[in-house]
Amino acid sequence: MRALFIAFPLLLIAHFSNSLAASLYETVYSDCVQSFGTINNSIVFQCSEKAIEMAEEDMQIKIQRLRDTRLAKDFRAFLEAQRNWRNYSSIQCDLQTEYVGSPMFKYCPMMMLIDRHKELDILLESLIP
């Protein structure tokens, strides 16, 4: 029962921190789109790419931080999960691009990265005091 009292606040903190991380990239995207006034496929592509670049850089920082935690003993498993996530994301986004439409070519990877950041943040928050 005591573990529940400790774990629950940590989960709440993780949830709100994850929301902040996700909203950062979503804000970069939406601010970019709004700066153009009207939206079209080219703008979706350009603004998604801007958010992707930022999210990719931040992801590398998070991965390095994870390497320096007690996750280090399982880092090979983490890297395998990361490779599998990249493969899944690529295939899923190819399917969305094919069947939903061309804006998904960059929008889907951006959304996948946002979701992956949430997952990495949960790990980081549980491993770094």
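Points to keep in mind about this one:
- Gyration tensor (alpha-carbon) shape descriptor, the stretch 20-86, a/c threshold 1.5: prolate
- Qualifying aspartates and glutamates (Cα of each under 20 Å from Cα of LYS50; at least 8 residues distant if same chain): GLU26, ASP31, ASP58, ASP94, ASP115
- Over the stretch 29-129, accessible surface divided per residue gives 62 Å², non-protein components excluded, 1.4 Å probe.
- If the segment from GLN34 to LYS118 were pulled out straight at 0.36 nm per residue, it would be longer than the present Cα-Cα gap by 27.8 nm.
- From phi via Karplus (6.51, -1.76, 1.60), per-residue ³J(HN,Hα) for the stretch 70-81 in Hz, x at Gly/Pro: 5, 5, 3, 5, 10, 5, 4, 5, 4, 4, 5, 4
- Summing charges over neighbours of HIS117, with a neighbour being any other residue whose Cβ is under 9 Å away from its Cβ, gives -1 when K and R count +1 and D and E count -1.
- Listed by chain and number, the lysines whose C-alpha is less than 17 Å from the C-alpha of LYS73, apart from same-chain residues fewer than 8 away, are LYS62.
- Rg to Rh, two decimals, where the stretch 27-129 supplies the alpha carbon set and Rh follows Kirkwood: 1.05
- Given their separation in residues at 0.36 nm each and the Cα-Cα distance between them, ASN87 and GLN60 gain 8.0 nm when the chain is fully extended.
The values are calculated or read from the model by the stated rules, or taken from the named source; none is laboratory data. Owing to the predicted nature of the structure, the values given are computational and were not obtained by experimental measurement. Here the Cβ is made from the backbone with ideal geometry for all residues, glycine too, and neighbour counts use every protein chain on show. When the accessible area is computed, the model is the full protein with side chains, heavy atoms only, and any ligands, DNA or RNA have been set aside. Shrake-Rupley method; radii C 1.70, N 1.55, O 1.52, S 1.80 Å.
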